[in-house]
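Below is one structure, written out as structure tokens; the observations come after it.
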Amino acid sequence: MLKHGILGLLSYGSMTGYDITRTFKDSLSYFWNAQTSQIYRELQTLKANGWATDETVNQTGKPDKKVFTITESGRKELNKWLTDDTAEFRMRSPMLMKIFFRGERSLDENIEYFRKLYDDCINFALLMKNSPPNVEGYKNRVDDPSKSIYWGMTVEFGAMYAQMYMKWVENCMKKLEELKNENTVD
């Protein structure tokens, strides 16, 4: 999936690995995690598959940089991936797997866990609230600004997801506090 995300970014124009990483963090990272090392590794895979090329640009007083460009074969791969209209709503969440088994931890530890989770929700919600300027900034960099409507849709999803997530965490904390109070009364 990461390779297709990078191909998607390159479809907007040629970029250095640094540019891709920065753009990824300003956009795709709201719903897909990738480390810088993973991005650079995928760039090598894209080159090996013939989906991207790179050109070394000499710079005076700075290290040379590589500029990556999507190839025609890369565009075909991106479009092939985009035409797979399998709409799947699957959930794969390490966090939920841990929560499923949190009965192995003490009630106080679990309450603290959910408090930290709530703080993470607040931070994510703030991030989503501050995202629209990123969408507008990138809108001006691409050949077809109307594509940014789809970026906005993902930001909107993130904002709504953050609100649902916070409500769910609040509900979980309430249940744990009630359980703690019941145990204290006995």
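Quick check: net charge around Arg141, other residues with Cβ under 14 Å of its Cβ, Lys/Arg +1 and Asp/Glu -1? The partial results should precede the final answer.
Numbers: positive: Arg22, Lys139, Lys147; negative: Asp19, Asp26, Glu136, Asp143, Asp144.
Around Arg141, the surrounding residues sum to -2.
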Springs between alpha-carbon atoms under 10 Å, Gaussian network over the chain: tell me which of Thr60, Thr36, Thr45 tops the mean-square fluctuations. Thr60
For Rg and Dmax of the Cα atoms in Å, which listed value, (1) 15.0, 47; (2) 50.5, 177; (3) 21.3, 75, comes from the coordinates shown? (3)
Around Leu2 (Cβ within 14 Å, Cβ-to-Cβ, excluding Leu2; K/R +1, D/E -1) the net charge comes to +1
Which of the lysines could a cross-linker span from Lys116 if the Cα-Cα distance has to be under 29 Å and same-chain partners fewer than 8 positions apart are dropped? Lys25, Lys98, Lys129, Lys167, Lys174, Lys175, Lys180
In degrees, nearest ten, helix 148-185 long axis to first principal axis of the chain (Cα): 20
In degrees from 0 to 90, rounded to the nearest 10, what is the angle of the helix 36-48 Cα long axis to the longest principal axis of the chain? 40
Rg(Cα)/(2.2 N^0.38 Å) for the stretch 2-83, N = residue count: 1.07
Take the alpha carbon atoms of the stretch 144-186, find their center, do the same for the stretch 72-121, and report the distance between the two centers in whole angstrom. 13
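Let me have the 222 nm mean residue ellipticity of the chain computed from DSSP H runs of 4+ only, each contributing -39500 (n - 2.57), with the sum over all residues rounded to the nearest 500. Don't jump to the answer; show the numbers that get you there.
Working: 8 runs with 120 residues, N = 186.
Taking each H run of at least 4 residues, the total per residue is -21000 deg cm²/dmol.
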Highest-MSF residue in the chain out of Asp54, Asp108, Asp119 [GNM, Cα springs under 10 Å]: Asp108
Which order results if Phe31, Phe100 are arranged by neighbouring Cβ count within 10 Å, fewest first? Phe100, Phe31
Which residue fluctuates the most in the chain, going by a Gaussian network model with Cα springs under 10 Å, if the choices are Gly74, Gly152, Gly103? Gly103
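Since every read-out is calculated from the coordinates, none of them should be taken as a lab result. Because the structure is predicted, anything quoted here is derived from the model rather than measured. With ideal geometry, Cβ positions are generated from the backbone for all residues, glycine too; neighbour counts draw on all protein chains shown.
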